[in-house]
Each structure stands twice: as structure tokens, then as C-alpha cells.
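Below: one structure, written as C-alpha cells.
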Amino acid sequence: MSETPAEMAEPSFRSDVTVELVKHTAGDSDVLWAARVSTAGEQSLEELSKDPDRSKGLINFLMRDRHGSPFEHNSMTFFISAPIFVFREFMRHRAGWSYNEESGRYRRLEPVFYIPDAERKLVQEGRPGKYVFVEGTQAQQELTGRVMVDSYRQAYEAYVEMLDAGVAREVARSVLPVGMYSSMYATCNARSLMHFLGLRTQHEQAKVPSFPQREIEMVGEKMEQHWAKLMPLTYAAFNANGRIAP
């Protein structure tokens, strides 16, 4: 079925990402319950919460000595809106993750595109594996914005032209850039999220340095904020032990 010709929507431009915690079954008690079954059998939540210091110590022990499986007995589902290139990096994370992204095969995609704001460092200096990003000049900022806007408009006009001519959505989408925004549900457990955060965020307590692209780090930071509220003991142990996933 071909698209019905319509007036082309005016493109919009963003520099942010959004992360919504849609649902979860995640708490520090999930870690305790899973860990203590090996020595105490089945226990109630009331029994688990009787000794807070012992609970904190157990979670820290599990994190420190890298007993990872107790951190898998929980679930968090996030709804994420970000540029497509962020999702291409995101999906390198496979163990413990499930994804469903909006599809350009089944719906007409909206013209929302990414343009970095003035705080985004634009210039890469150094060789691969030993480089840094530095501030761009005003001229570079202006060039980046102008070229991106022009490119995005041209690409989306080509996309709409093909749709209006009856070309299938799955073919027409080929002209769209990775700077276009997409959305997806991403479901993970605490262990898989810790691995993600260890690689995709920079943090002063991290024992192993990481150099993520800023845009995926923005997503990671927002996910981390949600998770820290759900599992404060686990989150504290993660930071205290160098932000290395168990």
C-alpha cells in the first residue's frame, strides 16, 4: 500500500535524549533473596530486611568478589528517545538486554533530528586509542549546525518524495540519516545495566577508564539516575567497588 500524499511536516531539531522508566521489578531485596537461597533456602522479605547492616555487607561482598548472578533477578524497562546512531552503539550490548525499536517499515517516520548544542565538544585530537575531544570554535559550531540542518532537510524531502510516489516505506527510509531520532523499549537487569554503565559513562570512582561517545553517555546517565533510586545499596556497592560489573 502506498502512502497518501500529504504536506511535508516541518523538521524539528533537538540536542537532548529522554529516558523514561516504564516499569520495573527491581530492588535490593531481589539481590538478597537470590543470594541467600544458597545458604538459607527460601526466605520472606520480612526476614531479609531484619538486619540492614548485614544486607548492605552481603551486597558489597557479592559486588567486591564478583558473584554476579544474584544481580540478575530483577528487571527494568526503559523507553528511550535518541538519535539512531546512539541505538547502533546501544545494541552492541546483548547479554541481558531486550530491545524493540520503532520501525520505518511500518510507519512514516517523523522529521526530528539531532544537532549538538554548544556544550558538545566537536574536535578530536590525538591518535586512535589515545585521543581527546576539545571545544570547537564558533565557526565550527555554526558550520556543524548549518550543514546538519541542510542535510537533514534534503534527506527528509527525498524520503517524502518517494513515499508520495508510492515507494515502499522500507525502501524510502534508506535515504534517512543516523542523526534522525528513534525510540525504543530497552529491558535489562541490574547486572547488564552495570556492564553498560561501566563502558558508556565516565565516573571519578571508575577503576577502569572509559571513553564513551557523549550522546550515549547522556542516555546512560539518565538510566543510572532511575536505577540508583530503585536499588540504592546495589548502586552504592557498584560505585564503592570501582564501577565494575560483577
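Every number in this text was worked out from the coordinates using simple rules, so none of it is lab data. Bear in mind the structure is a predicted one, so any value in this text is a computation, not a measurement. Positions of Cβ are generated from backbone atoms using ideal geometry, with glycine treated the same way; all protein chains shown enter the neighbour counts.
Mind pulling the angle between the C-alpha long axis of helix 52-64 and the longest principal axis of the chain? Nearest 10 degrees, somewhere in 0 to 90.
60 degrees
Dimensions of the stretch 127-236 along principal axes (Cα, Å, largest first)?
Rounded to whole Å, the extents work out to 57, 37, 24 Å.
With +1 assigned to the C-beta of every Lys and Arg and -1 to the C-beta of every Asp and Glu, and no other charges, what is the dipole magnitude of the stretch 130-246 about the Cα centre in debye, to the nearest 20?
Its charge dipole is roughly 580 debye.
Please give the direction-averaged projected area of the C-alpha convex hull for the stretch 68-188, in square nanometres with one decimal.
On the way: hull surface 41.4 nm².
Projected over every direction and averaged, the Cα hull of the stretch 68-188 covers 10.3 nm².
What residue among Glu170, Glu215, Glu101 shows peak mean-square fluctuation when the chain is described by a Gaussian network model with Cα springs under 10 Å?
Glu170
Return the single residue from Val22, Val123, Val31 with maximal mean-square fluctuation; model: Gaussian network over the chain, springs between Cα atoms under 10 Å.
The residue that fluctuates most here is Val123.
Residues with amide H under 5 Å of Phe13's amide H, sequence separation 5 or more or different chain, H placed in the peptide plane at 1.01 Å from N; which?
Residues meeting the amide H criterion: Phe113.
Tell me the label only: which of (i) 1.02; (ii) 0.95; (iii) 1.07 is Rg/Rh (Cα atoms, Kirkwood Rh) as calculated from this structure?
(iii)
Using bins 5 angstrom wide from zero, how does P(r) for the stretch 127-183 break down, in % of all Cα pairs?
It works out to 4, 16, 17, 15, 15, 12, 9, 7, 4, 1, in whole percents.
Highest GNM mean-square fluctuation, the chain, Cα pairs closer than 10 Å: which of Ser75, Ser12, Ser192?
Ser12
Arrange the following residues from fewest to most other Cβ atoms within 10 Å of their Cβ: Ser15, Ser174.
On the way: Ser15 15, Ser174 11.
Lowest count first: Ser174, Ser15.
Rounded to the nearest 10 degrees, what's the angle between the helix 190-200 long axis and the longest principal axis of the chain, both from Cα atoms, 0 to 90?
Tilt relative to the chain: about 50 degrees.
For the Cα atoms of the chain, what angle does the longest principal axis make with the long axis of helix 138-164, in degrees from 0 to 90, nearest 10?
70 degrees
How large is Rg/Rh for the stretch 73-144, to two decimals, with Cα atoms and a Kirkwood Rh?
Details: Rg = 17.0 Å, Rh = 15.9 Å.
Radius of gyration over Kirkwood radius for the stretch 73-144 works out to 1.07.
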